[in-house]
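Only one structure is covered here, and it is reproduced in the block below.
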Amino acid sequence: MQSKNDFDVAIIGGGLAGLATSILIVQSGYSVILFEKEKYPFHKVCGEYVSLESWNFLIQLGLPLPKMGLPIIDTLLLTAPNGTAFKTKLPLGGFGISRYYLDSQLVEIAKQRGIHILDNTKVDDVVCNTNFQITAHPNKFVSTVCCAAYGKRSNLDIKWKRNFLNSPNQRLENYVGIKYHIRTNWEKNVIGLHNFENGYCGISKIEEDKYCLCYMTLADNLKKSNNNISQLEENLLYKNPHLKKIFLNSEKFESFPVTISQINFNKKTQIENGILMLGDSAGMITPLCGNGMSIALHSAKIAATIIKNFLEQKISRPEMEERYTKEWTHLFAKRLKTGRILQNFFGSDRLSNVFVSSFNTFPFLARPLIKMTHGKPF
């Protein structure tokens with residue numbers, strides 16, 4: 001007889017990848033427990049532009065997207081630090097929705113499906129023997145399969161001594177992310193990507209009368225600005241005239257900014273101690289590509305399918321791990337690599353200026369590059 005603390009699948013992290021995986025697994029008739037260290041609902045640093053490749057998948061999960069009146073974004077405005085601008089249609093496009101709204105909707109669907117959700121709960125340790133023993137003080141749980149979907153960085157990464165933390169250039173690769181919700185005058189169908197020295201800032205419409213304004217820069221830049229966000233923005237972001245105009249002509253919502261630190265984009269493993277890593281836990285695409293949420297959702301779909309085959313005893317545990325790694329690599333490794341290469345171009349004033357100017361001279365170059373950072377509907 002199964003104990004109340006025994007589950008078929010345990011998922012550590014209740015963002016998009018964790019919630020989507022849990023919904024799919026429980027639809028297949030298996031029990032799921034999901035741990036989230038924050039209290040739902042909550043804001044998260046995120047660009048809040050979702051590629052349309054995810055549209056049908058989210059509807060399949062139970063999200064009534066066509067009835068939600070969300071903005072469809074079909075145009076990209078790219079600007080360089082010197083103010084040079086390039087505008088182009090997006091081959092696929094996306095839609096805008098805040099993580100606060102999207103996650104809260106998925107949480108309600110998950111609860112309705114019978115998923116056991118423990119929010120405001122931090123997982124302290126996971127030990128793999130025949131099954132997984134999960135410690136979330138003061139309780140212990142057991143699962144047949146364990147997934148990690150906790151995002152960019154966790155105490156578990158340190159405990160497991162994951163390789164991506166061992167870079168010799170750790171300080172130079174550390175980024176901070178800062179996000180606002182604002183009211184402003186901006187085209188509803190346009191996502192703006194504005195570059196500045198050692199960083200970039202995105203703006204796009206989300207639900208209601210709100211826009212998401214989110215930027216990333218090296219942690220050293222914040223330190224040089226006396227850890228003062230307003231000073232950082234005036235020192236760096238305002239040098240791009242497009243950004244200065246946005247900041248000076250916008251109204252910020254209360255409870256913002258929200259921030260995140262210690263971001264890096266080094267390669268990660270997709271399996272760690274027998275645990276399937278999902279979303280940003282498995283590998284992060286640079287925010288300038290605007291596709292982290294779609295990769296998270298797609299990774300959930302492939303993981304849930306492979307886990308179902310394992311629970312049905314159609315494949316062994318080693319086969320489950322091998323198939324997941326192979327499928328993840330096939331779908332996402334090239335996109336992440338392209339993102340890292342593009343980030344190098346947008347990491348300096350000079351290269352950003354040249355890059356954007358080259359698009360104006362050779363506009364046909366933009367479309368294939370955008371396609372390389374986007375996937376197909378799944």
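The values are calculated or read from the model by the stated rules, or taken from the named source; none is laboratory data. Fair warning: this is a prediction, and the values are worked out from it, not measured in the lab. Because the Cβ atoms are built from the backbone with ideal geometry, glycine has one as well, and the counts that use them run over all protein chains shown.
Can you confirm whether the stretch 28-35 contains a residue that is closer than 26 Å to residue 145 by Cβ, of a type outside the set (A, V, I, L, M, F, W, C) and crowded, with 21+ Cβ neighbours inside 10 Å? No, there is no match, as no residue in the stretch 28-35 is closer than 26 Å to residue 145 by Cβ, of a type outside the set (A, V, I, L, M, F, W, C) and crowded, with 21+ Cβ neighbours inside 10 Å. Among the conditions (1) out of contact with any Phe, Trp or Tyr (no Cβ under 9 Å at 6 or more places or on another chain); (2) of a type outside the set (Ser, Thr, Tyr); (3) assigned to a helix (DSSP H, G or I); (4) at pLDDT 95 or above, residue 314 misses just one, which is (3). Annotation for the stretch 320-331: no member residue is more than 28 Å from residue 21 (Cβ to Cβ), touching a helix residue (DSSP H, G or I) at 6+ places or on another chain (Cβ under 6 Å), part of a helix (DSSP H, G or I) and not β-branched (Val, Ile, Thr). Say whether the condition of being over 16 Å from residue 77 (Cα atoms), assigned to a helix (DSSP H, G or I) and among the hydroxyl-bearing types (Ser, Thr, Tyr) is met by at least one residue in the stretch 349-366. For the stretch 349-366, residues over 16 Å from residue 77 (Cα atoms), assigned to a helix (DSSP H, G or I) and among the hydroxyl-bearing types (Ser, Thr, Tyr): absent. In the set 54, 28, only one residue is in contact with a Phe, Trp or Tyr (Cβ under 8 Å, 6 or more places away or on another chain) and among the small types (Gly, Ala, Ser); that residue is 54. What do you reckon, is residue 302 in contact with a helix residue (DSSP H, G or I) (Cβ under 8 Å, 6 or more places away or on another chain), of a type in the set (A, V, I, L, M, F, W, C) and within 18 Å of residue 369 (Cα to Cα)? The answer is no for residue 302. So is residue 310 farther than 29 Å from residue 43 by Cβ and either touching a helix residue (DSSP H, G or I) at 6+ places or on another chain (Cβ under 8 Å) or crowded, with 24+ Cβ neighbours inside 10 Å (or both) or not? The answer is yes for residue 310. Residue count for the stretch 285-302 under the criterion of being in a helix (DSSP H, G or I), in contact with a strand residue (DSSP E or B) (Cβ under 6 Å, 6 or more places away or on another chain) and buried (at least 24 other Cβ atoms within 10 Å of the Cβ): the result is 3.
Taking each residue of the stretch 94-118 that is of a type in the set (Lys, Arg) and looking for partners that are assigned to a strand (DSSP E or B) with beta-carbon atoms closer than 7 Å, six or more apart or interchain, yields 111/117. If the condition is being surrounded by 14 or more Cβ atoms within 10 Å (Cβ to Cβ) and assigned to a loop (DSSP other than H, G, I, E, B), then the stretch 254-266 contributes 256, 257, 264, 265, 266. Screening residue 14 on (1) touching a residue at least 24 places away in the same chain (Cβ under 8 Å); (2) surrounded by fewer than 17 Cβ atoms within 10 Å (Cβ to Cβ); (3) in a loop (DSSP other than H, G, I, E, B); (4) not basic (Lys, Arg) shows it passes everything except condition (2). Is it fair to say residue 30 is within 21 Å of residue 255 (Cα to Cα), at pLDDT 95 or above and either assigned to a helix (DSSP H, G or I) or aromatic (Phe, Trp, Tyr) (or both)? So residue 30 fails the test. Of the residues making up the stretch 232-249, none is part of a strand (DSSP E or B), touching a Phe, Trp or Tyr at 6+ places or on another chain (Cβ under 8 Å), surrounded by fewer than 22 Cβ atoms within 10 Å (Cβ to Cβ) and touching a residue at least 12 places away in the same chain (Cβ under 8 Å). Residue 305 satisfies every condition listed in (1) β-branched (Val, Ile, Thr); (2) at pLDDT 95 or above; (3) part of a loop (DSSP other than H, G, I, E, B) except (3). Scanning the stretch 48-56 for any residue that is without any contact (Cβ under 8 Å) to a residue 40 or more places away in the chain and not in a loop (DSSP other than H, G, I, E, B) turns up nothing. The criterion of at least 1 residues that are under 17 Å from the mean Cα position of the chain (by Cα) is met, among strands (runs of 3 or more DSSP E) falling completely within the stretch 86-195, by 139-148, 175-183.
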